[in-house]
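For reference, the structure discussed in these notes is given below.
The values are calculated or read from the model by the stated rules, or taken from the named source; none is laboratory data. If you're wondering where the values come from, they're calculated on a predicted model, not measured in any experiment. Note: ideal-geometry Cβ built from the backbone for every residue, glycine included; neighbour counts use all protein chains shown.
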Amino acid sequence: MSEMNSGFADDPSAMLEATFQAIGDEKMQTLPFYQAQIPVRACGFQRFEGQWVGCLLTPWMLSLLVLPGPGQFWQPRGVGEKVALSLPCGSVRFTVGETDACGQYLAASLMSPLERGVTASQMIALAEQTARMALAFPLAPQNPGRRALFGLGDRHARA
């Protein structure tokens, strides 16, 4: 069984970059929203609950992606099917995508098309920060009172 059917043992970033660079070169660069100054970049991919999670930046979009990790076997789904996943940042709605090189993956569009006038460094920083935030647990207020922990708060502050 090929690696794409059984999950990726190693960080899929290089494979994603090569795959989406080829897609850009072959199909996307003539479209009016293609921004040649933006590179194809896989940012912040790390394993979370056995899957690879990170952001993919291309000259036409920024998406949060999930790919199967080592030894992970995903149930085949229809391309375009929607799947909601709970991540530390909250519930995220993904769409099933597929390429020959990486098999099926889940993508949540964050920006498509990209805003005009953004620089490569701005978009790379945004992609890296977004990948980190997707897997960051929300912070609780510092030194919350016992009442705040239980959602009781101050009774006098309520209307």
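Summary of computed values
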read-out	value
Only listed residue being in contact with a helix residue (DSSP H, G or I) (Cβ under 9 Å, 6 or more places away or on another chain) and either loosely packed, with under 13 Cβ neighbours inside 10 Å or on the phi > 0 side of the Ramachandran plot (or both), chosen from Q37, Q75	Q37
A84 vs. criteria within 26 Å of A9 (Cβ to Cβ) and either in a loop (DSSP other than H, G, I, E, B) or aliphatic (A, V, I, L, M) (or both)	no
Cross-chain or 6+ apart pairs with Cβ under 8 Å, segment 118-136 first and among the charged types (D, E, K, R), then surrounded by 15 or more Cβ atoms within 10 Å (Cβ to Cβ) and not in a loop (DSSP other than H, G, I, E, B)	E128/C43; E128/G44; E128/C55; R132/G44
Pairs with Cβ under 7 Å, 6+ apart, first in segment 41-64 and free of Cβ contacts under 8 Å to residues at least 40 places away in the same chain, second of a type in the set (D, E)	A42/E17
Filter pass, L65 being farther than 17 Å from S121 by Cα and not in a helix (DSSP H, G or I)	yes
Subset of segment 17-44 that is of a type in the set (A, V, I, L, M) and outside any loop (DSSP other than H, G, I, E, B) - its residue that is nearest to the chain's Cα centre (by Cα)	A42
Selection status of R132, assigned to a loop (DSSP other than H, G, I, E, B) and either modelled with pLDDT of 90 or more or surrounded by 12 or more Cβ atoms within 10 Å (Cβ to Cβ) (or both)	no
Failed condition for V118, given (1) modelled with pLDDT under 95; (2) closer than 21 Å to S13 by Cβ; (3) surrounded by fewer than 18 Cβ atoms within 10 Å (Cβ to Cβ); (4) hydrophobic (A, V, I, L, M, F, W, C)	(2)
Hey, P76 within 25 Å of M133 (Cα to Cα) and either free of Cβ contacts under 8 Å to residues at least 12 places away in the same chain or part of a loop (DSSP other than H, G, I, E, B) (or both) or not	no
Single unsatisfied condition, P68 versus (1) within 28 Å of Y34 (Cβ to Cβ); (2) buried (at least 18 other Cβ atoms within 10 Å of the Cβ)	(1)
Counted residues, segment 51-61 - those being closer than 18 Å to K27 by Cβ and surrounded by 23 or more Cβ atoms within 10 Å (Cβ to Cβ)	3
